[in-house]
Amino acid sequence: MGVFVLVEIWALQHDTGNSGDNSAAAGSAVAAGPNGAGPVDVSGLRIAPDRHGRDYRREAFGPGWAPAVGPGCDIRDYVLARDLTDTTTRNTCDVTSGTLQDPYSGQTVTGPARQIDIDHVIPLALAHRSGAHAWTDRQREVFANDPDNLLAVSAQVNRSKSDKGPEQWMPPVDACVYAHDFVRVATRYQLTVTADRADALRRACT
């Protein structure tokens, strides 16, 4: 699977960083297999309190979905084409409907694409509180459009999640897979986690 965005994902991996202050980090997080099996290793995540919670602005992460190259007009369409089956399209790339096996609830959702949300595994507001406040606008836009941080999910479940971290919300099914996905993205983008968040991630696979 490629990263079909017109902004360069690799640049964010190299350009972002966190000022350590009183944070602690050791080792590197390792996902135990493609299906999220095995314990979650959070030793590579920097432990620090959330900050800048009140100055989050959605527009700081870009004006919307970036254009895509490949199966989709934009990144939303790309993720729908990737995660849904039996899709229909308009204008060759605008995904209008399909069938989703919701990774968070386990339910099957079939119908118009408007009934399906694209979830940020690490919500944008949470990313802002855990390090993205210090990024450039371009870096935030890259993060918001990174398919590795995006999943097609049912609208109901996504809205119940909102901008909560794993210490406040876990999917009803496959919490272990979600925890591995969260750690992978947090490690890639050098985002911090609170102590409670780290504990919740560790417990997800026990």
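Scanning segment 124-141 finds one or more residues that are more than 18 Å from the chain's Cα centre (by Cα) and under 23 Å from THR192 (Cα atoms).
Within segment 160-206, the set of residues being buried (at least 17 other Cβ atoms within 10 Å of the Cβ), over 13 Å from PRO39 (Cα atoms) and small (Gly, Ala, Ser) comprises GLY165, ALA186. The conditions of being in a helix (DSSP H, G or I), modelled with pLDDT of 95 or more and either among the hydrophobic types (A, V, I, L, M, F, W, C) or buried (at least 22 other Cβ atoms within 10 Å of the Cβ) (or both) are not met by VAL157.
Residues being of a type in the set (Gly, Ala, Ser), within 23 Å of THR187 (Cα to Cα) and modelled with pLDDT of 95 or more are entirely absent from segment 21-35.
The values are calculated or read from the model by the stated rules, or taken from the named source; none is laboratory data. Everything numeric here is computed off the predicted structure, so don't read it as measured data. Because the Cβ atoms are built from the backbone with ideal geometry, glycine has one as well, and the counts that use them run over all protein chains shown.
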